[in-house]
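See structure below.
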Amino acid sequence: MFNALLRSLRGPNLEIFKFGMYLAFPIGWMYYFGTNLDERFSVPDFWPTQEQSHKLPREREELAREVERIRLEMKERVQQKQKMQLEEAKIKLRQGVQSND
């Protein structure tokens, strides 16, 4: 039985058989092991809902409020950075005075 199959798989028949195996094996593998991937690997509530996602302002007043909010945030960051630099300078000055004593 097996010998008869091997005798018939010569030349073009062998190439057709190999090509069929090259196609069937990965597809069969994916079908057997890859079912229910959404259920097995999905993370609930991974993507934000419509209410949680960003809403772009469309009206002129909304744009003005958003720009003002961004400007205030930037101003606060600059003030915090300046405050941190001032604190670091004070610490360095104290350390310099202590080392000179």
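The values are calculated or read from the model by the stated rules, or taken from the named source; none is laboratory data. These figures come from a predicted structure and were not determined experimentally. With ideal geometry, Cβ positions are generated from the backbone for all residues, glycine too; neighbour counts draw on all protein chains shown.
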Out of (1) in contact with a helix residue (DSSP H, G or I) (Cβ under 9 Å, 6 or more places away or on another chain); (2) loosely packed, with under 10 Cβ neighbours inside 10 Å, the one P44 does not meet is (1)
Looking at M1, M30, which one is modelled with pLDDT of 80 or more and either surrounded by fewer than 10 Cβ atoms within 10 Å (Cβ to Cβ) or of a type in the set (A, V, I, L, M, F, W, C) (or both)? M30
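A quick yes/no check of all residues on (1) touching a strand residue (DSSP E or B) at 6+ places or on another chain (Cβ under 9 Å); (2) surrounded by 10 or more Cβ atoms within 10 Å (Cβ to Cβ); (3) hydrophobic (A, V, I, L, M, F, W, C):
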position	(1), (2), (3)
M21	no, yes, yes
P48	no, no, no
E68	no, yes, no
K75	no, yes, no
In region 48-66, how many residues are modelled with pLDDT of 90 or more, among the hydrophobic types (A, V, I, L, M, F, W, C) and within 28 Å of the chain's Cα centre (by Cα)? 0
Go through the chain and tell me which helices (runs of 4 or more DSSP H), entirely inside it, have 2 or more residues that are without any contact (Cβ under 8 Å) to a residue 24 or more places away in the chain and of a type in the set (K, R). 60-100
